[in-house]
Amino acid sequence: MDYEEWAKTVPCEITGDSLWKVEAYRLALFAADLGWQDVTNLAKDKRTIALSDQLYRALGSISANIAEGYSRGTGKDRARFYEYALGSARESRDWYYKGRHVLGTPVVSQRLDLLTR
């Protein structure tokens, strides 16, 4: 699924929120949705079951921290959550790299690119 196709499937309760205007948030949600199938594939191999759990937690944390930070009242508080989101994006890249033997180079390369934007 590409980003444009995916964006059309997001419910209006999410797209109608002003948070939807934040590109990093949209990309983070997209990455988490793509990650759903990736972690399913990783969980099928007993060597990468724990990796799949860590990857999905990290992916989910990116958009969650952006959403929480967006809702904070002070710039300092907001920046702290955005830093958490950045850390989760980097953690996700790390887990994807470690899962490359199961997921394959094309998938991992695309996910690394998405998480580096």
Any chance residue 63 is hydroxyl-bearing (Ser, Thr, Tyr), surrounded by 14 or more Cβ atoms within 10 Å (Cβ to Cβ) and modelled with pLDDT of 95 or more: yes
Candidates 109, 52, 61 - the one that is of a type in the set (S, T, N, Q) and under 27 Å from residue 18 (Cα atoms): 61
Conditions (1) open to solvent by less than 20 Å² (accessible area, probe 1.4 Å); (2) modelled with pLDDT under 95: number failed by residue 38: (2)
Selection status of residue 48, more than 9 Å from the chain's Cα centre (by Cα), β-branched (Val, Ile, Thr) and within 21 Å of residue 3 (Cβ to Cβ): no
The range 97-113: number of residues that are more than 15 Å from the chain's Cα centre (by Cα) and open to solvent by less than 50 Å² (accessible area, probe 1.4 Å): 3
Breaking point among (1) over 20 Å from residue 108 (Cα atoms); (2) crowded, with 18+ Cβ neighbours inside 10 Å, for residue 91: (1)
Members of the range 71-105 that are under 14 Å from residue 35 (Cα atoms) and either at pLDDT below 95 or out of contact with any Leu (no Cβ under 8 Å at 6 or more places or on another chain) (or both): 91, 94, 100, 104
The one condition in (1) more than 16 Å from residue 110 (Cα to Cα); (2) touching a residue at least 40 places away in the same chain (Cβ under 8 Å) that residue 27 fails to fulfil: (1)
Out of 32, 7, 58, sole residue that is without any contact (Cβ under 8 Å) to a residue 60 or more places away in the chain, surrounded by 18 or more Cβ atoms within 10 Å (Cβ to Cβ) and over 17 Å from residue 100 (Cβ atoms): 32
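The values are calculated or read from the model by the stated rules, or taken from the named source; none is laboratory data. All values reported here derive from a predicted model rather than from experimental measurement. Neighbour counts run over all protein chains shown; Cβ positions are idealised from the backbone, glycine included. Ligands, DNA and RNA are stripped out before the accessible areas are found, and what is left, the full protein with its side chains, is counted by its heavy atoms. Shrake-Rupley method; radii C 1.70, N 1.55, O 1.52, S 1.80 Å.
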